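The values are calculated or read from the model by the stated rules, or taken from the named source; none is laboratory data. Note that the structure is a prediction, hence the values are computed from the model and not measured. Quick reminder, even Gly has a Cβ in these numbers, built from the backbone with ideal geometry, and neighbours come from all protein chains shown. Accessible surface is based on the protein model in full, side chains and every heavy atom, while ligands, DNA and RNA are left aside. Shrake-Rupley method; radii C 1.70, N 1.55, O 1.52, S 1.80 Å.
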Amino acid sequence: MKIHVLGAAAGGGFPQWNCNCNNCKGVREGSLRARRRTQSSIGVSAGDGRWTLVNASPDILQQFQNFAGSWPQGGLRGCGFESIVLVDAQIDHTTGLYMLREKGSPWPVWCTAPVHEDLTRGNPILHLLDHYCGVRHQPVSLAGECFHPEGAEALNWYPLPLVSAAPPYSPHRNNPVPGDNIGLEIEDPASGKRVFYAPGLAEIDEAVWAAMNRADCVMVDGTFWTDDEMIRLGLSKKRARDIGHLAQSGPGGMIEQLSRLPAHIRRVLIHINNTNPILNEDSPERAVLDAAGIEVAHDGMEIEL
Ligand code: MLT
Ligand code: MN
Ligand code: ZN
């Protein structure tokens, strides 16, 4: 199984267009050792050159231009990605669908019922796309059975309902329902290897903890360093937890939890917000991650399992 990180940043990307925080300013000016990152998306393949897209970010066109695996191969039109899986209905995970409208046939889009509802009501993007290439909704059930999205059907994909948050526009933003957010446990039956992917994760419950322990690599929520990061910077009144993200530092934080996993499991943070000090490769926070054996995903990162 191959995983290609198309975009490792959270919503807004890094640097964010209107942000003058130390990170965004520093990377813009070139005074900070940090990589730019586009918004949250990965590609998954069984290794045969065919791909499934997980999340369609607003930066998808740039991401595809930078990734040869997406390029058309023979024929006048084509794409290495054959279907799309959505882990939630957030703007940073779905807006790229508009950019992919030139496809000659409907995109298979795999998502849960609550995500489908948000994308046909609060943000009716799937209806709009009917006027272009169209979308074939492929239901992701939470009953426990695996699914096989086009492009990586040789892999077994298991959805896990997560404690996180529906988008601000969703009628159930404040009344979460199972399936608003899922994590993905993807298993390669050929190698027996598994990855657990959850870019938005507010709480590690028993089922998530079990999936993380079964994995050979976890790629999990790296949005914020502290729970009050946005409050401290005066950018928001909300805690990380309130908007569906478990912060890295502090008691019960992501670092503490990742450190309890068996040593052979590779740990990668993904969906990094532009305010997060770990983006600065010379920061003490980044040194804490290095010491804990925790990696920070970047655009173009490839993981082979
Ligand atoms: C999130 O992950 O919390 C959202 O994508 C935030 C956003 O809408 O940018
Ligand atoms: Mn997001
Ligand atoms: Zn910033």
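Computed values, structure above
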| read-out | value |
| --- | --- |
| Set Leu246, Leu233: member being hydrophobic (A, V, I, L, M, F, W, C), open to solvent by 10 Å² or more (accessible area, probe 1.4 Å), within 16 Å of ligand 3 (Cβ to nearest atom) and closer than 22 Å to Gly13 by Cβ | Leu233 |
| Considering residues of segment 258-295 that are among the polar types (S, T, N, Q) and open to solvent by less than 30 Å² (accessible area, probe 1.4 Å) only, the residue nearest to Val220 (Cα to Cα) | Asn273 |
| Residue that is farthest from the chain's Cα centre (by Cα), among those in segment 163-177 that are surrounded by 14 or more Cβ atoms within 10 Å (Cβ to Cβ) and not aliphatic (A, V, I, L, M) | His172 |
| Qualifying positions in segment 198-224 - more than 15 Å from ligand 1 (Cβ to nearest atom) and either modelled with pLDDT under 95 or open to solvent by 10 Å² or more (accessible area, probe 1.4 Å) (or both) | Ile204, Asp205, Glu206, Ala207, Trp209, Ala210, Asn213, Arg214, Asp216 |
| Close pairs (6 angstrom Cβ cut-off, 6 or more residues apart or separate chains): under 21 Å from Ala297 (Cβ atoms) in segment 14-25, among the hydroxyl-bearing types (Ser, Thr, Tyr) and within 15 Å of ligand 1 (Cβ to nearest atom) anywhere | Cys21/Thr275 |
| Where Arg35 falls short, out of the listed (1) among the charged types (D, E, K, R); (2) in contact with a Leu (Cβ under 9 Å, 6 or more places away or on another chain); (3) buried (at least 19 other Cβ atoms within 10 Å of the Cβ) | (3) |
| Condition check for Ala152: open to solvent by less than 30 Å² (accessible area, probe 1.4 Å) and under 20 Å from the mean Cα position of the chain (by Cα) | yes |
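Conditions tested, residue by residue: (1) in a loop (DSSP other than H, G, I, E, B); (2) in contact with a Phe, Trp or Tyr (Cβ under 7 Å, 6 or more places away or on another chain); (3) more than 30 Å from Phe64 (Cα to Cα); (4) among the hydroxyl-bearing types (Ser, Thr, Tyr).
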site: Ser236; (1), (2), (3), (4): yes, no, yes, yes
site: Leu258; (1), (2), (3), (4): no, no, yes, no
site: Pro262; (1), (2), (3), (4): yes, no, yes, no
site: Arg267; (1), (2), (3), (4): no, no, no, no
site: Asn274; (1), (2), (3), (4): yes, yes, no, no
site: Ile278; (1), (2), (3), (4): no, yes, no, no
site: Glu285; (1), (2), (3), (4): no, yes, yes, no
site: Glu295; (1), (2), (3), (4): no, no, no, no
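Residue by residue, here is whether (1) under 15 Å from Gly69 (Cα atoms); (2) in a strand (DSSP E or B); (3) away from ligand 2 (no atom under 15 Å from the Cβ) holds:
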residue	(1), (2), (3)
Gly11	no, no, no
Asn18	no, no, yes
Cys24	no, no, yes
Val27	no, no, yes
Ser31	no, no, yes
Ala34	no, no, yes
Ile42	yes, yes, no
